[in-house]
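Data first, discussion second: the structure below is written as structure tokens.
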Ligand code: PEP
Ligand code: MG
């Protein structure tokens, strides 16, 4: 029976395919006594061989896809499976206590992981995550609960999950994921943002999805409508296929002019930039007509691994991205971890309110070595390409000053080490905390530019979690309150002659663009696929009329009123063409 489920639109496009239900439950062993200890040890040894074969095959694929260096994680995994002491302890426990292999594996691995976690050395500390991973693999094999991890998918599927973390998304085998649908999530959760950057159709916040779909079912993700269709009939499949074809034609038409700069009807040339996270998204940014990068999310370099990237690796990665961007200007954001971007190998630990916790610039200022390693890599890349850097989650002037001092220290370290670097690199901040928005005119004196991060600015201003659809009605970029705050930030920066970009998702929202132009924003930065349409809208607008629209919008009483106003405006603009 065909069933349609309504969720939240996060990434457009239509995907039709087989479902893969991803339920990465952590296996938990139960203590059991066994009669035949020899047979139990043989069972363990068999699981060991299966695990080794699995790791070997993942490793050869990883070498081909991500290179030797990143694939080395799996060498460490394989080494644990050869470690005589570890293996001896497991078989020893089975023998001595007459217990099942699962429990012996779990207890031994937990004690090893605890020893690693307590180590001072950051590298050794991170080995704890590796050994846990190996332990879980063994447990799954022993318990017959094998899951195909998202990195190991070998045929094209639509991923169905309760939720996906940004690490899950980063680890996905992108060639095999046609689309995804989740029970939880919101429009600006990082998983949704990554789906847009990767151009994967996705729908989130679908409720009790896992009760409705089984692995192997045919499903359709209709990203533009926020729909998941389970078990579609032939008519629905062919209707979706023809809509997919029309979508493609519309996109192709928009892309014809995407490489040209957008100029308003009254002659104002306007730069549209892209939000990216790696070389692949840099290539698609160029392809979609980006004039530069308004947000390079460096955290994705830290996500898909178990140890911190060193200075050289970061430098190489930033240079590779700048090359892929053909030398276009890049605003690179320093590490923005915490919130929903958790790195298991950092010492952030459990927090009651991770979005209000030890994250982004707060964490970096408390870890000068980690921060300065990244700053040195950015400064060195700046010697070759046009980079500016910005700090995320700034709340106070003091944080800006402390971060800038660390930039100066990093320059000094490079100078004394004989490295080339950009001594005059532009330094900006993200405005994504209401305190910073309210202090915009004070902060503007201290920096070269602002970039408004509406994804967080909205969640903090409205006190609503950006990933929780139950309070999604509050998460509304076109709220007059939000518009007023943005207007105030732009005015604060312009008073001191500083430019203001926007890199939150709002920048690519077709309804918001005329308003932002009317508020005199200087740069819009968005996911690459949104660029052609944004340029098209800019080409339809007159700045003086957009200014009137913005002034009216901030006086409205609700987002609905603002939306009606924008719709009327665009209708008039299009009617007069
Ligand atoms: C933002 O908060 O608007 C932003 C661009 O940063 P992120 O989505 O990574 O939090
Ligand atoms: Mg943010």
Taking other Cβ within 10 Å of each residue's Cβ, how do 116, 180 sort, fewest first? 116, 180
How high is the relative contact order of the chain? Use alpha-carbon pairs under 8 Å, at least six apart in sequence, and give a whole percent. 14 percent
In nm, what is the difference between 0.36 nm times the number of residues separating residue 494 and residue 438 and their Cα-Cα distance? 18.7 nm
Hey, what angle do you get for helix 122-143 against the long axis of the chain, alpha-carbon based, 0 to 90 degrees rounded to 10? 60 degrees
By how many degrees, 0 to 90 and rounded to 10, does the Cα axis of helix 101-117 deviate from the longest principal axis of the chain? 50 degrees
Computed, not fitted: 222 nm per-residue ellipticity of the chain from DSSP H runs ≥ 4 (each -39500 (n - 2.57)), nearest 500, equal to -15500 deg cm²/dmol
From fewest to most C-beta neighbours within 10 Å, the residues 183, 239 line up as 239, 183
Just check the range 259-575 against the gyration tensor rule for me: Cα atoms, a ≥ b ≥ c as the square roots of the eigenvalues, rounded for a/c under 1.5, and otherwise prolate or oblate depending on whether a/b exceeds b/c. prolate
Prolate/oblate/rounded label for the range 37-143 (Cα gyration tensor, a/c 1.5): oblate
Cα long-axis angle, helix 368-384 against the chain (0 to 90 degrees, to the nearest 10): 60 degrees
Ordering of 284-295, 77-88 by burial proxy (mean other Cβ atoms within 10 Å per residue, highest first): 284-295, 77-88
Take the Cβ-Cβ distance between residue 208 and residue 1 as r, set R0 to 25 Å, and report the resulting FRET efficiency rounded to the nearest 0.05. 0.95
Pairs of alpha-carbon atoms within less than 8 angstrom and 6+ residues apart define the contacts here; what relative contact order does the range 259-575 have, in percent? 20 percent
Yeah, the range 254-316 with a ≥ b ≥ c from its alpha-carbon gyration tensor (a/c under 1.5 is rounded, else prolate when a/b outruns b/c, oblate otherwise) is prolate
With only alpha-carbon atoms in the gyration tensor, what are the semi-axes of the equivalent ellipsoid for the chain, in Å, largest first? 44, 31, 21
The range 456-531 and the range 202-228: distance between their alpha carbon centers, rounded to Å: 29 Å
Full-extension gain in nm, residue 85 to residue 124, via 0.36 nm per residue minus C-alpha separation: 12.3 nm
Sort out for me the Cα centre separation of the range 401-440 from the range 281-296, rounded to whole Å. 24 Å
Sequence of 57, 520, 525, 155 once ranked by neighbouring C-beta atoms within 10 Å, starting from the fewest: 155, 57, 520, 525
Most packed first (mean Cβ within 10 Å per residue), the peptides 41-52, 327-338 order as 327-338, 41-52
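Every read-out reported here was derived from the displayed coordinates using simple, explicitly stated rules and does not represent laboratory data. What you see is a predicted model; the values in this text were computed from it and never measured. Every residue, glycine among them, receives a Cβ derived from its backbone with ideal geometry; neighbour counts consider all protein chains shown.
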